[in-house]
Amino acid sequence: MSRIAHLALILFVAFSLPRVATAQENKAAPNISLVQINADGMIADLKYLVLDLAGDKKGWTNLEQLIPTFLEGIDKQRPLRIDILLGENQQQRYRLILPISDLGEFRDNLEVFEISSKKQRKGPYKLGNLFEGFMQYLQEKKYVIISEKLDEVENIEDPLKRVQELIKAEYDFSALITNEKEGVDLRKKSMTKTREQLQAAIKKKRDETDNAFELRKLAFTHQMDEAERLFAEAQKMVIGWTTDAAQNEGRLVFSLKAIEGTSLDESIKQFATKPSYFANVEVKQDGILNGRINHPLDEMRKANITAFYSLLLPSIKERIDSNKDLTDKQKEAGKKIAELIIQMLDAGKETSLIDGFINTNSADGGKYALLGGIRSTDGAKLKEVVELLPQLMKGQTVEVDVVNEENLKIHKITIREEFQAGFYELFGDGEALYVGSTPEALWMAAGPDAIQNIKDAAKKVKEPAPEKVSPNVIELNVKTLPWLKLINKIRDKKGNVEIREMLLGSLSDKDDTFTFVMKREGDVIDGKAKLDKGILKFIGNLIAKFSKETL
């Protein structure tokens with residue numbers, strides 16, 4: 001699970017957690033603030049995505065008519081802030097901090113939503129009907145603070161002081177999460193009930209086997225392990241999103257700093273301390289699929305990987321056994337292949353790293369050359385996997401040991417007829433997929449000079465590693481359109497055809513790139529992602545679809 005996904009899960013958990021019961025727990029709970037730079041900016045971004053890019057007038061009209069109903073009396077050019085107040089035993093609460101252009105209009109709009117506001121002789125407004133709580137109006141600042149509890153509207157003197165760094169960074173939408181050092185144990189305790197509630201919400205599907213169900217629950221448990229550590233042990237997290245219409249791109253950034261002495265802190269200190277095994281293999285981040293990962297595995301992650309694989313194998317074997325299109329011989333081959341692949345992947349964790357790379361760049365004749373590698377200490381099993389492929393798939397042919405050197409074995413997997421059109425379009429007519437193994441790694445290549453590319457890379461990794469370790473933990477550059485076309489040809493009418501067609505209609509070969517870099521800077525983990533115009537257009541199409549079908 002990616003670091004961005006973990007941060008997203010934190011926000012999800014925040015909306016699911018129970019609220020504060022005691023002053024001690026209140027101090028221990030995370031402080032979570034969400035900021036929208038201003039309402040006008042939000043409206044402009046939606047218009048850019050839905051109308052300018054997606055060109056969907058109906059979808060935009062629905063949004064354009066609905067949004068203003070929520071903004072009467074609100075200053076649409078100043079920041080809005082929402083605090084999520086967490087704790088234990090009751091449901092979470094929200095504190096709204098909103099800029100006001102006209103208090104009378106704002107109170108009238110509350111009435112439209114059946115919320116009464118009555119000014120008290122001393123103190124803030126009392127809110128009633130559909131929402132019971134209080135509203136403080138800071139006349140000098142022209143902000144209202146709304147929450148269920150009196151002290152939570154009276155203890156804010158400067159509505160934007162806490163979130164100044166988010167405002168200065170000019171993110172369109174952002175989140176700030178901070179924790180006190182002394183509350184780690186209480187925060188972990190507060191997660192126990194939440195874990196139980198969320199776990200109980202995972203129900204077995206009608207056609208799901210016991211193994212598949214247990215695997216799905218285990219995967220969620222591992223996600224919660226990561227989320228709990230971030231939730232309880234992070235000193236500070238910042239997430240910021242910007243839709244840049246002028247540059248025709250979207251940008252997501254995040255940063256994470258752990259509380260000193262925690263397991264999260266120790267985990268971060270392991271990042272960027274050892275060079276990648278593949279550090280000498282050049283990866284240019286300007287092709288159609290380029291990436292590196294050099295991610296350390298602490299004991300928790302290593303144990304979780306082993307537990308996951310132990311349930312994954314029986315689940316895969318069940319799926320193979322239930323496939324009525326396979327003969328008994330094919331099923332036996334498929335189950336053996338699954339077992340061998342999982343053993344090789346699981347062996348990789350013994351290096352205490354997820355360490356690998358992929359490089360797909362232009363080659364002669366307008367085609368592409370692919371080269372990839374991943375650490376594994378059990379690569380000898382690869383030959384057996386390749387030998388079993390013809391027993392599993394009709395019409396599949398292979399050649400083992402096309403290269404058979406002392407420390408390098410390379411095998412050739414020909415491309416079956418139903419996959420040839422898409423594969424040959426990328427890598428050239430008649431090309432094949434080559435896989436190889438050395439005692440330290442697994443290799444893969446396709447396109448022109450595939451065998452030589454593996455040989456050259458296998459030699460480069462034996463050279464002395466660079467003295468300076470790269471701070472980058474993950475690097476990724478993907479041009480989505482070529483791979484989408486490949487998948488579309490392979491899948492044909494299978495899967496979610498509507499979404500694939502929407503993607504194809506949104507992308508061009510000049511605006512389909514997604515990039516992501518995560519690195520360690522001192523004791524902080526930083527991440528940056530960028531989405532090209534075509535991907536934003538796809539998001540606009542999704543929003544327009546929702547608008548037309550729901551609003």
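The values are calculated or read from the model by the stated rules, or taken from the named source; none is laboratory data. Computed from a prediction, not measured in an experiment: that's the story for all the values here. No Cβ is skipped: glycine too gets one built from the backbone with ideal geometry, and neighbour counts run over all protein chains shown. The area values use the complete protein model at the heavy-atom level, side chains included, leaving out ligands, DNA and RNA. Shrake-Rupley method; radii C 1.70, N 1.55, O 1.52, S 1.80 Å.
Which trypsin sites (Lys or Arg not before Pro) in segment 269-374 sit in a loop by DSSP (not H, G, I, E or B) and have at most 15 other Cβ atoms within 10 Å of their own Cβ?
Qualifying residues, ordered by number: Lys284, Lys324.
Set the bar at 22 Å for Cα to Cα. Now go through Lys284/Lys530; Lys302/Lys331; Lys47/Lys545; Lys217/Lys302; Lys324/Lys493 and name every pair that lies beyond it.
Pairs exceeding 22 Å: Lys302/Lys331.
Where in segment 193-240 are there trypsin sites (Lys or Arg not before Pro) that are in a DSSP coil and have at most 11 other Cβ atoms within 10 angstrom of their Cβ?
Lys203, Lys205, Arg206
What FRET efficiency comes out for Lys47 versus Asp286 if R0 is 35 angstrom and r is the Cβ-Cβ distance? Round to the nearest 0.05.
0.65
Could you do me a favour and compute the accessible area per residue for the chain, 1.4 Å probe, result in Å²?
50 Å²
Give me the accessible area of Glu501, 1.4 Å probe, in Å² rounded to the nearest 10.
110 Å²
Cα centroid distance between segment 320-355 and segment 114-168, in Å?
58 Å
Which GluC sites (Glu not before Pro) does segment 249-281 hold that lie in a coil by DSSP with at most 13 other beta carbons within 10 Å?
For GluC sites (Glu not before Pro) across segment 249-281 that sit outside H, G, I, E and B with at most 13 neighbouring Cβ atoms in 10 Å, the list reads Glu260.
Between segment 422-452 and segment 258-292, how many Å separate their Cα centres?
One Cα centre to the other: 25 Å.
Where nothing but the Cβ of Lys and Arg (+1) and of Asp and Glu (-1) is charged, how large is the charge dipole of the chain around its Cα centre, in debye to the nearest 20?
That gives the chain a dipole magnitude of about 780 debye.
When each pair of different Cα atoms in segment 366-508 is counted once in the 1/r mean, what is the Kirkwood radius in angstroms, to one decimal?
Mean inverse Cα-Cα distance, inverted, gives 17.2 Å.
Once neighbouring chains are kept in place and the probe is 1.4 Å, which whole percent of the accessible area of the chain is contributed by carbon and sulfur?
51 percent
In whole Å, how far is the Cα centre of segment 36-111 from that of segment 191-222?
About 35 Å separates the Cα centre of segment 36-111 from the one of segment 191-222.
Taking all protein chains together and a probe of 1.4 Å, list Met135, Met444 from the most accessible to the least accessible.
In descending accessible area the options line up as Met444, Met135.
Sticking with the crude label model, points 7 Å out along Cα→Cβ, report the distance from Glu105 to Glu467 in nm, one decimal please.
The answer from the label model is 6.5 nm.
Projected onto the charge dipole of the chain (+1 at Lys/Arg Cβ, -1 at Asp/Glu Cβ, origin at the Cα centre), which of Ile413, Trp483, Phe220 gives the Cα projection farthest towards the positive end?
Looking along the dipole axis, the top candidate is Phe220.
Suppose only helical runs count, i.e. DSSP H with n ≥ 4. What mean residue ellipticity at 222 nm does that imply for the chain under -39500 (n - 2.57) per run, divided by all residues and rounded to the nearest 500 deg cm²/dmol?
-12500 deg cm²/dmol
Express the Stokes-Einstein translational diffusion coefficient of segment 404-483 in µm² s⁻¹, to the nearest whole number, given a Kirkwood radius over alpha-carbon pairs, 4 °C and a viscosity of 1.567 mPa s.
Calculated translational D: 87 µm²/s.
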